[in-house]
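The values are calculated or read from the model by the stated rules, or taken from the named source; none is laboratory data. Computed from a prediction, not measured in an experiment: that's the story for all the values here. Note that each Cβ is placed from the backbone with ideal geometry, even for glycine, and that neighbours are counted across all protein chains shown.
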Amino acid sequence: MRRPVSLYGLTFSLPLLIWQLLFFVFPLVFLIALSFWTVRNFRMQADFDTVNWTTMYGRAIFWQAYGTTLALAAGAAVLTSLLAFPVAYAIAFKLSDRARRWAIMLMVIPFFTSYLVRVYSWQVFLSDAGLINVMLGWVGLGPYGLLNTPGATLLGFVTLAFPLVVLLQLFSLIFIDRTLIEAAHNMRCGRLRTVFAVVIPSARVGLVIAALFAFILSFGDFVSPIYLGGGDPTTLSILITDTTKSGQQWPRAAVIALTMIVTLMVVAFLSIRFAYRGRK
């Protein structure tokens, strides 16, 4: 049965509607319109021309940056999920309620510090004269070029997403029906088999959404590719900056941004569909 729409409900939902219109719908509409404008003599003109789309999609650098960004974000999502799951599992099933509260607080603390500061700290560790190469030098190894590499970029992505992924996985694991785990043990399932046969399927929605957030954060990140990856290989976020600096080509940068938004929407839709597949 449909619930009647009341003035009371509309009144309290109005701020959310205004927020969505001001900070999502209107900017998105403007971004779409901007992608069809042209730049002549370093000045934008409100024309309707598809030259920006054909130009960007016809460049190899765009598709190279797109593939690099997609691969790094997917790798970060998988790696962060794998590293976060043992931590979330231990907090959910091995700690007492008091210790669990302290662990959650420790996962929240990284959000109190600037992500840029954390990236700068990784530069201290990864540079040629950094702590890691100094420790390797004690055993006669190195120095290795750890900074300005795709691996360093991936490390920055993991640093960004890890606390959030742990929290999302944790909230999913906490609400698993413990009787299912006890039933698996009564049927002589080992701990590892119980994890794969009971825990992971029961927490599938939370695990997939946690990986999705890791992908979203990594896909649009600009800090790690610049300060840890050295801008090589080029990602879409770096390409947007380079495009705006090259002749004030804001419309072409809008094409890149819209491509990123569409990609994230498709990935989010497929991920959520997979997460809730088979559920009523």
Looking at Phe125, Phe112, which is the one that is surrounded by fewer than 16 Cβ atoms within 10 Å (Cβ to Cβ) and either at negative phi or touching a strand residue (DSSP E or B) at 6+ places or on another chain (Cβ under 8 Å) (or both)? Phe112
Looking at (1) assigned to a helix (DSSP H, G or I); (2) in contact (Cβ under 8 Å) with a residue 60 or more places away in the chain; (3) out of contact with any Pro (no Cβ under 7 Å at 6 or more places or on another chain), which is the only condition Gly247 fails? (1)
Restricting the first residue to the range 75-87 and requiring it to be surrounded by 14 or more Cβ atoms within 10 Å (Cβ to Cβ), which pairs with a second residue that is of a type in the set (Lys, Arg) and assigned to a helix (DSSP H, G or I) meet a Cβ separation below 9 Å and a spacing of at least six or different chains? none
Do the conditions hold for Val208, that is, is it more than 25 Å from the chain's Cα centre (by Cα) and among the aliphatic types (A, V, I, L, M)? no
Listed residues Ala76, Ala88; which is among the small types (Gly, Ala, Ser), out of contact with any Lys or Arg (no Cβ under 8 Å at 6 or more places or on another chain), within 30 Å of Ile256 (Cβ to Cβ) and at pLDDT 90 or above? Ala76
Pick from Val139, Val108, Val134: which is touching a residue at least 40 places away in the same chain (Cβ under 8 Å) and among the β-branched types (Val, Ile, Thr)? Val108
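Looking at the range 222-242, which of its residues are among the polar types (S, T, N, Q), part of a helix (DSSP H, G or I) and crowded, with 22+ Cβ neighbours inside 10 Å?
The one that is among the polar types (S, T, N, Q), part of a helix (DSSP H, G or I) and crowded, with 22+ Cβ neighbours inside 10 Å: Ser224.
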By residue number, the members of the range 137-166 that are surrounded by fewer than 21 Cβ atoms within 10 Å (Cβ to Cβ) and either more than 22 Å from Tyr227 (Cβ to Cβ) or of a type in the set (Ser, Thr, Tyr) (or both) are Gly137, Trp138, Val139, Gly140, Leu141, Tyr144, Thr149, Thr159
Testing Ile104 on (1) touching a helix residue (DSSP H, G or I) at 6+ places or on another chain (Cβ under 8 Å); (2) in a helix (DSSP H, G or I); (3) more than 30 Å from Leu173 (Cα to Cα), one condition comes back false. Which one is that? (3)
Taking the conditions exactly as written (touching a residue at least 12 places away in the same chain (Cβ under 8 Å), in a helix (DSSP H, G or I) and of a type in the set (D, E, K, R)), does Arg273 satisfy them or not? no
I'd like to know if the range 76-97 contains one or more residues that are more than 21 Å from Ser202 (Cβ to Cβ), among the charged types (D, E, K, R) and in a helix (DSSP H, G or I). no
Can you tell me which residue within the range 187-224, out of those that are of a type in the set (Ser, Thr, Tyr) and touching a residue at least 60 places away in the same chain (Cβ under 8 Å), is farthest from Leu167 (Cα to Cα)? Ser224
